Amino acid sequence: MNKKMLAEEIIRISGTDPKKCMKCGKCSGSCPAYDDMEYHPHQFVSMIINGNVDPLMVSESVYSCLTCFACAERCPRGVEPAKLIEAVRLFKLREKGKNRMSAEDVSAFCDADMPQQAIVSAFRKYAK
Amino acid sequence: MKVTYFPGCTLKNKAKDLDRYARECAEILGITLEEAENWQCCGGVFTTAGDEIATKLSSVRVLKAAKEKGEALVTVCSACHNVVKQTNYAMQNDRSFADKVNRYMADEEPYNGETQIYHYLELLRDVVGFDKLREKVVNPLKGKKIGAYYGCLLLRPGKVMGLDDPENPTVMEELIRALGAEPVVFANRNECCGGYVFAENPELAKKKSTAVLSNAKANGADMVITACPLCKYNLQKSASDVPVVYFTELLAEALGVKESCNE
């Protein structure tokens, strides 16, 4: 898939329109994972508009997104960057053999108090 | 009044407190939570991608189960509520999504988002009413200073969840007041605890949870309440000296049934 098609496909499945962005930076200003990201929410938006998706596809940043929706809630233009990050993440995970987490990994972070919700949520975000 | 109840996986296991206090207190307030039959796990997080269908079917099934009984659907866990409510919103507003779901479930009655869904907090506020709840309190929690931690899932996306003002919520503060205690408002009450990210980046989750609890404490909270098992886990793991309890436990204490629930 060429770069332009990949960006268009990401925009399509995200259901949001990054071109409405007015570059105010409120998304990245609101992001609780900002310090742990190589590319920040506002960069996801601008890079996808410009068809520059390859660096995002190999970046760890998609896995730092907490899906807390602060960026989406606070965007004055309704761009909802979280949905774009989610779309890139899914594009990575949907590729065969690209699961980020497997059942064998659970014992590494599991303890007696951990709620079931934690495992099902992690598998939704890190595996397909 | 009888409602269909979706407890979700965690309330059947690690978060039994959240579940049993909720059921018992609802009875006192005149509402029976009748558990949906054969419910399936919501999946914990709503996948926002429009082309994800299978991950949302369990929510559609429980919404349909409530519709068939002509009842409202009630959730207690923040995560279940977020997933089921966002799915219902998509069934109401995204024709293409709803069409795919209904064709996948072609052997069943079509569903188009008809079910009314309440989070337990909404049930208390909008159906029971905090004034009526106040009358039922036998053990007012006088002198307790309590911080309400909303996190993300109850509030956002605001236009879909519609539970409260996503930036300045009041429902849990009103609950705390109705139970006779004093609410403590703190800035981080609607900031993320780190959620599932602890599974691969525990430091990030710890940083976020520590920020929440230290902010609550700095504003004078003796304890923090939540509706989310994962928030509770992350907050407690950040090893602060502020106790974190489910809001239903506080409710049971004020209604005088906490002990009997544990027998």
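Counted as qualifying within the stretch B:3-110 are the helices (runs of 4 or more DSSP H) with 3 or more residues that are over 29 Å from A:VAL88 (Cα atoms), of a type outside the set (Gly, Ala, Ser) and outside the structural domain of B:ILE225 (by TED's automatic domain parsing), namely B:16-28, B:57-69. Considering the stretch B:15-44, and only residues there that are within 14 Å of chain A (Cβ to nearest Cβ) and buried (at least 22 other Cβ atoms within 10 Å of the Cβ), the residue that is farthest from B:LYS136 (Cα to Cα) turns out to be B:GLY43. Of the candidates B:VAL160, B:VAL197, the single residue that is among the aliphatic types (A, V, I, L, M), assigned by TED's automatic domain parsing to the domain that holds B:PHE247 and within 30 Å of B:ARG134 (Cα to Cα) is B:VAL160. Annotation for the stretch A:37-52: at least one member residue is surrounded by fewer than 24 Cβ atoms within 10 Å (Cβ to Cβ), within 23 Å of B:GLU203 (Cβ to Cβ) and within 13 Å of chain B (Cβ to nearest Cβ). Taking the stretch A:104-119 as the range and being part of a helix (DSSP H, G or I) and more than 7 Å from chain B (Cβ to nearest Cβ) as the test, the residues that pass are A:GLU104, A:ASP105, A:VAL106, A:SER107, A:ALA108, A:ILE119. Taken over the stretch A:72-103, the criterion of being among the small types (Gly, Ala, Ser) and outside any loop (DSSP other than H, G, I, E, B) is satisfied by A:ALA72, A:ALA82, A:ALA87, A:ALA103. The residues in the stretch B:131-152 that are away from every other protein chain (no Cβ under 14 Å) and closer than 30 Å to B:SER209 by Cα can be counted, and the count is 9. Residues in the stretch B:15-40 that are under 15 Å from the mean Cα position of the chain (by Cα) and closer than 14 Å to A:GLN116 by Cβ: B:ALA15, B:LYS16, B:LEU18, B:ASP19.
Do we find a residue being in contact with a Ser or Thr (Cβ under 7 Å, 6 or more places away or on another chain) and in a helix (DSSP H, G or I) anywhere in the stretch A:41-58? For the stretch A:41-58, residues in contact with a Ser or Thr (Cβ under 7 Å, 6 or more places away or on another chain) and in a helix (DSSP H, G or I): present. Can you name the residue in the stretch A:62-99 that is within 12 Å of the chain's Cα centre (by Cα) and either among the acidic types (Asp, Glu) or more than 12 Å from chain B (Cβ to nearest Cβ) (or both) and is also surrounded by the fewest Cβ atoms within 10 Å (Cβ to Cβ) among such residues? Step by step, filter the stretch A:62-99, then rank; the result is A:LYS92. In summary, B:LYS12 fulfils each of the numbered conditions (1) in contact with a Phe, Trp or Tyr (Cβ under 7 Å, 6 or more places away or on another chain); (2) within 14 Å of chain A (Cβ to nearest Cβ) with the single exception of condition (1).
The values are calculated or read from the model by the stated rules, or taken from the named source; none is laboratory data. In this text, all values refer to a predicted model and were calculated from it rather than measured experimentally. Don't worry about glycine lacking a Cβ; one is built from the backbone with ideal geometry, like all the others, and counts go over all protein chains shown.
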